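What follows is a set of notes on a single structure, which appears directly below.
The values are calculated or read from the model by the stated rules, or taken from the named source; none is laboratory data. The model shown is predicted, which means the values in this text are computed figures rather than measured ones. Virtual Cβ from ideal backbone geometry, glycine too; neighbours counted across all protein chains shown. These accessible areas exclude ligands, DNA and RNA; they are computed on the full protein's heavy atoms, side chains included. Shrake-Rupley method; radii C 1.70, N 1.55, O 1.52, S 1.80 Å.
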Amino acid sequence: MATATNATGEAYEQAFGALRAQGGPSWLPALRREAMDRFSALGFPTTRNEDWHFTSVTPIAERVFKVAPTRSGPATLSPADVAALVISDPDWHRLVFVNGRFEASLSAFAGLPADVRVTTLADALKESPEFVAEHLGKLASGEGQTFTAFNTAFAQDGVVIHVPGGEIVEAPVHIVHIADAQAAGAGIHPRLLVVAEALSRLTIIESFASTGSFGAPYLTNAVAEIEVGNGARVDHYKIQRESTDAFHVGTTQVRQGRDSMYHSFSYAAGAAISRTNVYTQLAGENGETRLNGLYLIDGTQHADHQTFVEHLAPGCASRELYKGILDGSSHGVFNGKVYVDPVAQKTDGKQTNHALLLSEHARVDTKPQLEIFADDVKCTHGATVGRLDEDALFYMKSRGLGAENARALLTYAFAAEVLETIEVDALREGLEALAFARFTQSFGEQR
Amino acid sequence: MLKIDNLHATAGDKEILKGISLTVNAGEVHAIMGPNGSGKSTLAQIIAGHPGYVVTAGSVTYEGKDLLAMPAEERAQAGVFLAFQYPVEIPGVTNAYFFRSAYNEVRKANGKEELDPIEFLDLMEKKLKLVEMDEAMLHRSVNAGFSGGEKKRNEILQMAVLEPKLAILDETDSGLDIDALRVVAGGVNALRRPDNATIVVTHYQRLLNYIVPDFVHVLAHGRIVKSGGKELALELEARGYDWVMEAA
């Protein structure tokens, strides 16, 4: 890996020094310092790094993203603005961050069960520093992960969720990140820490959106650490619809206990360059992981997804379905790794990755990686890259559907198969409507 | 209604149809029979507008219009319907949405008012009975995971919804057990009217016990080698195709 150039390295060191003065519990400066050192030592990955072979982060590495400014004066966004920018539902608990800073006036999460704790990271550091110390940076240690170390060093705020054993959180917790014009040239490092104890249930929705125009690109570098206790279930939806002036890197690190379930859905339609990492460890018997995703890109957008499922215990199942629809000269990447430990007998793993190319200039690189060290396992992977099925188009036209409508419907159908896996109705319907409008509109324009 | 004159067509380098002529009038049922590879399905697909074939000579006139100049969707909107031999699976699009979109586009093209989802559901309830299908089928993705028999019923259901003037059934009997065959044939017969016509493409005579044709044509090596009444189908069943092909 290349280290950051001296100039950018010094600039980040200086910015880091300014942040350290802000205080916090006594252990925090050491955690941040360690992360800063790691970030400096690792530098940004180059395409010589196997994990970043198809994604060049040079446009990120060559800039210095300043620390996002704190708002002075009244809030610039109203609740109605937020509702227009993200798919939401009045029944969901809502925490809104603008340029990485918590906006209490736009947030509402009072109706949670009494012993379930949902707070900002800043508040959690004041109110329960021991709890944060015990969990922060443990799953996402940043070892070998530049962007995770970058986040740990610079994270200003985020969300901490603690669901005690047996608690069921019915309504989803919606974490909204909005970047506005003030974010131009800034780096935003949201942090999410979730501890769902045994037999609890939680649904998290993270939405990333932006409003206004950006003279200079901004970077969102999000990190989530999620512990799913024995028999617990966490559903985690990440909806990335950032400005195409933005860079987005998101890393989710999960550890699952016995009989637990972690279900992740990633929707990526925004950003000039996006990289979404979902890493999960099945650490107890009979756990289940479901990783699904859909990316819709156009123009010169680049969207990269990397998943890594570690089967570390017997009898676990993992299911992955990722789909991409690419137009213009966009570039998609899917790298799905599955590791099966020698003890992880009776592992049942299935990975599927399909990409649909709407243009001759769009490109996809897909790389499944299976490393299996147990003998009694079932692991499969399948990948396709293709265009709309001519037989299906003819079938639809032979029923009277016009050529544009047939193409639109078929493209939408390709997306719908994976959107169907979303179990939160309002979110699924919202994304279906977005996808439907996107394709019916784009085919309309070609006419 | 339909006039095919000296139709020649190729797929890739191969000439498949070598001069087909056939006239179908309103109210008639024509059976096109013939051994595998004779060009039966090609003929059906060319009438429906499949883009995989090139017509090298001849003409197809439908209601006085040059059918070959019309894209597939315009043919459908003008009342041409092909029941596919291998119906295509479309995961992600429900039958209900697909049928209603198709129905409304055909209505719109004919200057008629579109139906909203509730009105359409009323219509569907009647049509479902015709092919003995359950309403649950409407909420499944088009043909996805359907059994062979369900797919064929779904084709006839679409035909019942679209009420075509010219229906072409391409090997609709293949892969059907006797009960499904009866249901499918019953649906087709119920849809027969003096102002519409049906072309039944089949390898076997079996289906013609249920859908009785006015004319039977034998297609071999890209040509119609013999035409006759319904008794010709019985003769083919008893004697096979060899004698017709030799006589030709």
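Of note:
- Placing R0 at 25 angstrom, the Cβ-Cβ distance between A:E134 and A:A114 gives a FRET efficiency of 0.70 after rounding to 0.05.
- Counting only DSSP beta bridges with both residues in the protein assembly as shown, the antiparallel share comes to about 15 percent.
- Relative to the Cα centre, the charge distribution of the protein assembly as shown, modelled as +1 at Lys and Arg Cβ and -1 at Asp and Glu Cβ, gives a dipole magnitude of about 860 debye.
- Shown is the FRET efficiency for B:E15 and B:M245, computed with R0 = 22 Å from the Cβ-Cβ distance and rounded to the nearest 0.05: 0.80.
- Between the amide H of A:V278 and those of A:T252, A:Q306, A:T307, A:F308, distances stay under 5 Å, these residues lying 5 or more places away or on another chain, with hydrogens modeled in the peptide plane.
- Comparing A:G185, A:G111, A:G257 in a Gaussian network model of chain A (Cα springs below 10 Å), the most mobile by mean-square fluctuation is A:G111.
- The interface between chain B and chain A buries about 2000 Å² of solvent-accessible area in total (1.4 Å probe, ligands and nucleic acids excluded).
- 3J(HN,Hα) from dihedral phi, the range A:26-31, Karplus parametrisation 6.51/-1.76/1.60, rounded to Hz, x for glycine, proline: 4, 6, 5, x, 5, 4
- Residues with amide H under 5 Å from that of B:V200, placed H, sequence gap 5 or more: B:H30, B:A31, B:I32, B:L169
- Ratio of Rg to Rh over the range B:75-205 (Cα coordinates, Kirkwood Rh, two decimals): 0.94
- Carbon + sulfur, % of accessible area of the range A:388-447 - ligands and nucleic acids excluded, 1.4 Å: 44 percent
- P(r) weight above 19 Å for the range A:123-267, C-alpha pairs, percent: 53 percent
- Cβ-based net charge around A:K138, under 11 Å, with every Lys or Arg adding one and every Asp or Glu removing one: -2
- In percent, rounded to a whole number, the relative contact order of the range B:2-247 is 28, using alpha-carbon pairs under 8 Å and six or more apart.
- Using the Cβ-Cβ distance between A:E429 and A:S213 with R0 set to 41 Å, the FRET efficiency from 1/(1 + (r/R0)^6) comes to roughly 0.90.
- Taking the inverse of the mean 1/r over every pair of distinct Cα atoms in the protein assembly as shown gives a Kirkwood hydrodynamic radius of 28.5 Å.
- Cα pair count fraction exceeding 22 Å, expressed as % - the range A:6-284: 55 percent
- Multiplying the residue separation of A:A181 and A:E34 by 0.36 nm and removing their Cα-Cα distance gives an extension gain of 49.7 nm.
- For A:H248, net neighbour charge (Lys/Arg +1, Asp/Glu -1) across residues whose Cβ lies under 14 Å away: -1
- Degrees, to the nearest 10: B:117-130 long Cα axis against longest axis of chain B: 50 degrees
- Convex hull volume per residue in cubic angstrom - Cα atoms of the range A:289-340: 48 Å³
- Put the Cα centre of the range A:112-161 next to the Cα centre of the range A:237-311 and the gap is 19 Å.
- Pairwise alpha-carbon distances in the range A:388-447 exceed 16 Å for 47% of all pairs.
- Dipole magnitude for the range A:299-442: about 280 debye, using +1 per Lys or Arg Cβ and -1 per Asp or Glu Cβ, origin at the Cα centre.
- The alpha carbons of the range A:186-284 give a radius of gyration and a Dmax of 14.9, 49 Å, in that order.
- Inter-chain shielding of B:155-162 (mean C-beta neighbours from other protein chains, 10 Å cut-off): 1
- Among the listed pairs B:K18/B:K152; A:K238/A:K346; A:K397/B:K40; B:K14/B:K40; A:K126/A:K337; A:K323/B:K152, those beyond 27 Å (Cα-Cα): B:K18/B:K152; A:K238/A:K346; A:K126/A:K337; A:K323/B:K152
- Using alpha-carbon coordinates, inclination of helix B:148-162 to the longest axis of chain B, degrees: 80 degrees
- Of the GluC sites (Glu not before Pro) in the range A:161-240, those whose Cβ has at most 12 other Cβ within 10 Å and which sit in DSSP loop: A:E170
- Rg ratio for chain B: its Cα radius of gyration over 2.2 N^0.38 Å, N being its residue count, equals 1.00.
- Calculated log₁₀ intensity ratio I(q)/I(0) where the Debye formula runs over C-alpha points of the range B:130-176, q = 0.20 Å⁻¹: -0.70
- Segment B:K129-B:K112, extension gain: residue separation times 0.36 nm, minus the distance between their alpha carbons: 3.6 nm
- Using a probe of 1.4 angstrom and keeping all protein chains present, the accessible surface of the range A:6-284 works out to 36 square angstrom per residue.
- A simple rule links phi to the HN-Hα coupling: the Karplus curve 6.51 cos²θ - 1.76 cosθ + 1.60 with θ = phi - 60°, which for the range A:402-410 gives x, 4, 5, 5, 5, 5, 4, 5, 5 Hz, with x for Gly and Pro.
- 222 nm mean residue ellipticity, helices alone, for chain A (DSSP H n ≥ 4; -39,500 (n - 2.57); rounded to 500): -7500 deg cm²/dmol
- Between helix B:178-190 and chain B there is an angle of about 80 degrees, using the helix long axis and the longest principal axis of the Cα atoms.
- Most mobile listed residue (A:D376, A:D304, A:D235) in chain A, GNM with C-alpha springs under 10 Å: A:D376
- Interface residues in the range B:82-96 - accessible area drops by 50 Å² or more relative to the isolated chain, probe 1.4 Å: B:F84, B:V88, B:I90, B:G92
- Each residue of the range B:234-242 was assigned a 3J(HN,Hα) from its phi angle through the Karplus expression (A = 6.51, B = -1.76, C = 1.60, θ = phi - 60°), giving 5, 5, 5, 4, 6, 10, x, 8, 4 Hz with x at Gly and Pro.
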